[in-house]
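Colleague: I have a structure here, written as structure tokens, and I will follow up with some questions on it.
The values are calculated or read from the model by the stated rules, or taken from the named source; none is laboratory data. Quantities reported herein were computed from a predicted structural model and do not represent experimental measurements. A quick note on method: Cβ atoms are made from the backbone with ideal geometry, for glycine too, and the neighbour counts reach across all protein chains shown. In case anyone asks, the SASA skips ligands and DNA or RNA and just uses the protein heavy atoms, side chains included. Shrake-Rupley method; radii C 1.70, N 1.55, O 1.52, S 1.80 Å.
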Amino acid sequence: MSESGELSGFIHRFVPAPESTSSLTLLLLHGTGGDETDLLGVGRQLAPAAALLSPRGKVVENGMPRYFRRLAEGVFDPEDLRARTHELAGFVESATRRYGLAADRIVAVGFSNGANIAASVLLLRPTMLAGAILFRPMVPLVPETMPHLQGRPVLLAAGRRDSIVRPEETERLRRLLVQAGAVVALHWEQTGHGLTPADIAAARAWLEEQAPARCDGPLGRDVKGNR
Ligand code: MLT
């Protein structure tokens, strides 16, 4: 049964894996102005057998929830971003204990602002996520020390006509993640910033390759610290 409530100060929804046949959890991170219910349907389409964990961003900008402060569109407050990234990681740790999740099988699915904080978690807390699907992400920050993402699979889904994220920005993020050792797939759609059914279909196919529902196989390689 789905649970909603507050944990580590995050309003969130948790939907357990329907038949306990999968140990995969999707961490769903909405875009600016969204909430914890936004991506539940997308999550179910991406991985019908997975558990879904969906926190609402704590920062409110003109009434719109998001995960960290920004100074203007695409211009982030670096200190707030770092602090919020660690705060979100703390929430994931608490949720892992509370809901008995497999800590090494958590895959982030983020859209826009949610993709940006997911990328920040990859860069600042590199062992937290087993992989990530980032819809329309930017480079959230460049870490002082390069993290070791060692084989973690990441899908970047970008729009050729995105007015918020230019193609060069997507390429920059791809290079940064590859430099950190992630295995990055880049998917382009001839579209803008909004999510399309084609993005979801591509992400579903990619996820099925990384974590086949049938055998509950590992994402990337050996997990938990040894990548
Ligand atoms: C952000 O603030 O994360 C980006 O500008 C994307 C957005 O949420 O509009």
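Colleague: Name the residues in segment 168-193 that are open to solvent by 40 Å² or more (accessible area, probe 1.4 Å) and assigned to a helix (DSSP H, G or I), would you?
Modeller: Scanning segment 168-193 gives E168, E171, R172, R174, R175, V178, Q179.
Colleague: Still on this structure, I have one more. Can you confirm whether P126 is assigned to a loop (DSSP other than H, G, I, E, B), under 14 Å from the mean Cα position of the chain (by Cα), within 16 Å of the ligand (Cβ to nearest atom) and not small (G, A, S)?
Modeller: no
Colleague: Would you point out the residue of segment 81-103, among those that are more than 20 Å from V15 (Cβ to Cβ) and more than 13 Å from the ligand (Cβ to nearest atom), that is least open to solvent (accessible area, probe 1.4 Å)?
Modeller: A89
Colleague: When you scan segment 121-161, how many residues do you find that are open to solvent by 40 Å² or more (accessible area, probe 1.4 Å) and among the charged types (D, E, K, R)?
Modeller: Here the count works out to 4.
Colleague: Please state which of the following conditions M1 fails to meet, knowing it meets all the rest: (1) modelled with pLDDT under 95; (2) within 15 Å of the chain's Cα centre (by Cα).
Modeller: (2)
Colleague: Which number in (1) farther than 21 Å from G9 by Cα; (2) in contact (Cβ under 8 Å) with a residue 12 or more places away in the chain; (3) surrounded by fewer than 17 Cβ atoms within 10 Å (Cβ to Cβ) marks the one condition that V42 misses?
Modeller: Just one mismatch for V42, condition (3).
Colleague: It is to be established whether one or more residues within segment 45-55 are open to solvent by 10 Å² or more (accessible area, probe 1.4 Å) and more than 24 Å from E209 (Cα to Cα).
Modeller: no
Colleague: Another question, if that's okay. Any idea which residue in segment 56-80 is nearest to the ligand (Cβ to nearest atom), counting only those that are farther than 24 Å from T145 by Cβ and crowded, with 19+ Cβ neighbours inside 10 Å?
Modeller: Within segment 56-80, the match that is nearest to the ligand (Cβ to nearest atom) is R66.
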